[in-house]
Amino acid sequence: MKGNWTARLAGGAAGLANGLFGGGGGMVFLPIQSRWGNLSQRKLYATCVGVIFPVCLVSAAVYIWQGGVSFMAALPYLAGGLIGGWLGGKLYGRISTKFLKWLFAAFLFYAGVKYLL
């Protein structure tokens, strides 16, 4: 990225989105990093996960501290998410970046439509 201020702004935007919406920081961070970062597509996706993981931990800690987390409701999603995360990490190098871009765009479109309805 062009200087530390843009990196801090991108991280701040991702953290704000993650904290406000309970996730989605990667949807903010990935386009910003792809615009100003000097990373290959593969490293871009991996870096996004590397940034979002600690951001999610901070958001989760705040939610837990404020009493806003239902562990019993989250448990089934956590189990599936761990398996899906492991599988996605294993498939990471085997899927073309072009397909990943389209898949990401399709997910954003779907999520946007669902939020509006």
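The values are calculated or read from the model by the stated rules, or taken from the named source; none is laboratory data. Source: prediction; values computed, not measured. Cβ coordinates were reconstructed from backbone atoms using ideal geometry, including for glycine residues, and neighbour counts include every protein chain displayed. Keep in mind that these areas ignore ligands, DNA and RNA; they rest on the heavy atoms of the full protein, side chains included. Shrake-Rupley method; radii C 1.70, N 1.55, O 1.52, S 1.80 Å.
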(message) Checking the condition closer than 24 Å to F109 by Cβ, open to solvent by 50 Å² or more (accessible area, probe 1.4 Å), out of contact with any Pro (no Cβ under 6 Å at 6 or more places or on another chain) and not aromatic (F, W, Y), which residue from Q41, Q66, Q33 passes?
(response) Q41
(request) Count, please, the residues in the stretch 69-83 that happen to be open to solvent by less than 60 Å² (accessible area, probe 1.4 Å) and more than 17 Å from the chain's Cα centre (by Cα). (result) 4
(request) Could you give me the residue pairs with C-beta distances under 9 Å whose first residue belongs to the stretch 33-50 and is over 13 Å from K101 (Cα atoms), whose second residue is of a type in the set (K, R) and in a helix (DSSP H, G or I) wherever it lies, and which are 6+ apart or on separate chains? (result) G37/K43
(request) Would you be able to tell me the number of residues in the stretch 84-113 that are over 20 Å from K43 (Cβ atoms) and either modelled with pLDDT under 90 or open to solvent by less than 80 Å² (accessible area, probe 1.4 Å) (or both)? (result) 7
(message) What's the number of the only condition in (1) of a type in the set (S, T, N, Q); (2) under 30 Å from K98 (Cα atoms); (3) open to solvent by less than 90 Å² (accessible area, probe 1.4 Å) that N4 fails to meet?
(response) (3)
